[in-house]
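Participant: Take a look at the following structure, please.
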Amino acid sequence: MSETFSQPRPFITTSVPNQWTSDICDCFQDLPQCCLAFWCPPCFACKTAHEAGECLCLPLLDAFGLIPPITTALRVSVRQRYGIEGTLCKDCVYSFFCGPCTWCQIAREIKTRKNPITFVNMAGR
């Protein structure tokens, strides 16, 4: 009687949580982005909107609203795209009081989610 052994199959998981991968004030995690957001917020917002797949000039419309509608909308869109928990109320508050930090967080999230860390466990399940 011969025994047949099967090779262990890889078990792949990703480290993509349902939370933001960085906090709103973690701007210094990516210093070049932080500097661009600080020195030229409109340029940074347009660059980030483009990276999110939106119109390059869309953030320029924020100047016409009390609560920045484009910042809020893009934050909600990124949150929904990646399954991040949160509320519209928090999105409005962050967009109004922490605009540049919000844009930095959105940019970091897009950058992190485009290149997720993948763990492969070769042990049998």
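Participant: How many residues are in a helix (DSSP H, G or I) and without any contact (Cβ under 8 Å) to a residue 24 or more places away in the chain when one looks only at segment 82-113?
Facilitator: Of the residues in segment 82-113, 6 are in a helix (DSSP H, G or I) and without any contact (Cβ under 8 Å) to a residue 24 or more places away in the chain.
Participant: Here is a follow-up. Is it the case that segment 4-21 has a residue that's within 22 Å of K111 (Cα to Cα), of a type in the set (S, T, Y), surrounded by 13 or more Cβ atoms within 10 Å (Cβ to Cβ) and at pLDDT 90 or above?
Facilitator: no
Participant: Shifting gears a bit: Quick one: which of A63, A37 is modelled with pLDDT under 80 and either surrounded by 11 or more Cβ atoms within 10 Å (Cβ to Cβ) or farther than 24 Å from N115 by Cβ (or both)?
Facilitator: Exactly one residue qualifies, and that residue is A63.
The values are calculated or read from the model by the stated rules, or taken from the named source; none is laboratory data. Predicted model only: the values in this text are computed from it and were never measured. Using ideal geometry, Cβ is built from the backbone for each residue, glycine included, and neighbour counts are taken over all protein chains shown.
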